[in-house]
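Input: a single structure, listed below in structure tokens.
Each reported figure results from applying straightforward, stated rules to the coordinates on display, with no laboratory input. This one's a predicted model, so the numbers in the text were calculated from it and none came from an experiment. Quick reminder, even Gly has a Cβ in these numbers, built from the backbone with ideal geometry, and neighbours come from all protein chains shown.
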Amino acid sequence: MAIDEQYLNNEIEDFRGAFCPFGYLDIKRAVSEALEIGKDSSWAFEQMEAFAEDCDMKITDLDPCYVVMDAILQMARNEIEEMTGFDLQNDASFETMGNFCATTYDWQSEDIELLTDALSGNPDALENLSDATRYWLSQVEIDLDSLTGEQ
């Protein structure tokens, strides 16, 4: 019996989909976010595994974009709090709003002012921020060059 190639390809895609229910754009966004901070797809998947374990969930029930982007927020949160004492989520309301490939960071205008004030007191330390924190700050529209006096 000869198998139709298109039928086989459809069956392979269905089989793959059973293992990975996420769409191409969801995976692309999650991996792209990881690459932006100098990490890779393995790191992104490790975040998924850790999140699933911490929340007692199945990986297939997670939003990969939310998980990766929230991991980046938490990295920035830890670094900024260590440097300034300012907590992005307790002293302000920076959050990750999950919606698969449309996941975004959310904040209020006064949060930017509070964070800018906290960061501006440490211009020398800003030069040594990690790639993750630099990237997250750019996503919430904080211009590090203006805080360090560089143009």
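Of the residues A44, A52, A30, which exhibits the maximal mean-square fluctuation in a Gaussian network model of the chain defined by a 10 Å Cα contact cut-off?
Of A44, A52, A30, the most mobile in the Gaussian network model is A52.
Projected onto the charge dipole of the chain (+1 at Lys/Arg Cβ, -1 at Asp/Glu Cβ, origin at the Cα centre), which of L147, F51, M1 gives the Cα projection farthest towards the positive end?
Checking the options against the dipole of the chain, the answer is M1.
Using alpha carbons only, how many degrees (0 to 90, rounded to 10) separate the axis of helix 24-36 from the longest principal axis of the chain?
Value to nearest ten degrees: 40.
Where nothing but the Cβ of Lys and Arg (+1) and of Asp and Glu (-1) is charged, how large is the charge dipole of the chain around its Cα centre, in debye to the nearest 20?
380
Can you give the helix-only mean residue ellipticity at 222 nm for the chain, where every DSSP H stretch with n ≥ 4 adds -39500 (n - 2.57) and the sum goes over all residues, rounded to the nearest 500 deg cm²/dmol?
So the helix-based figure for the chain works out to -19000 deg cm²/dmol.
Can you tell which of Q89, Y24, I112 lies farthest toward the positive end of the dipole of the chain, using +1 and -1 charges on the Cβ of basic and acidic side chains (Lys, Arg; Asp, Glu)?
Checked the options; the winner is Y24.
Build a GNM of the chain with springs between Cα atoms under 10 Å: which of Q47, Q74, Q89 gets the top mean-square fluctuation?
So, out of Q47, Q74, Q89, the one fluctuating most is Q89.
Where nothing but the Cβ of Lys and Arg (+1) and of Asp and Glu (-1) is charged, how large is the charge dipole of region 1-82 around its Cα centre, in debye to the nearest 20?
For region 1-82, the charge dipole is close to 180 debye.
GNM, the chain, Cα, under 10 Å: largest mean-square fluctuation among S32, S41, S109?
Of the options given, S109 has the highest mean-square fluctuation.
So if the hydrodynamic radius of the chain is defined as the Kirkwood radius over C-alpha pairs, what does Stokes-Einstein give as its diffusion coefficient at 4 °C and 1.567 mPa s, in µm² per second?
Rounded, D is 75 µm²/s.
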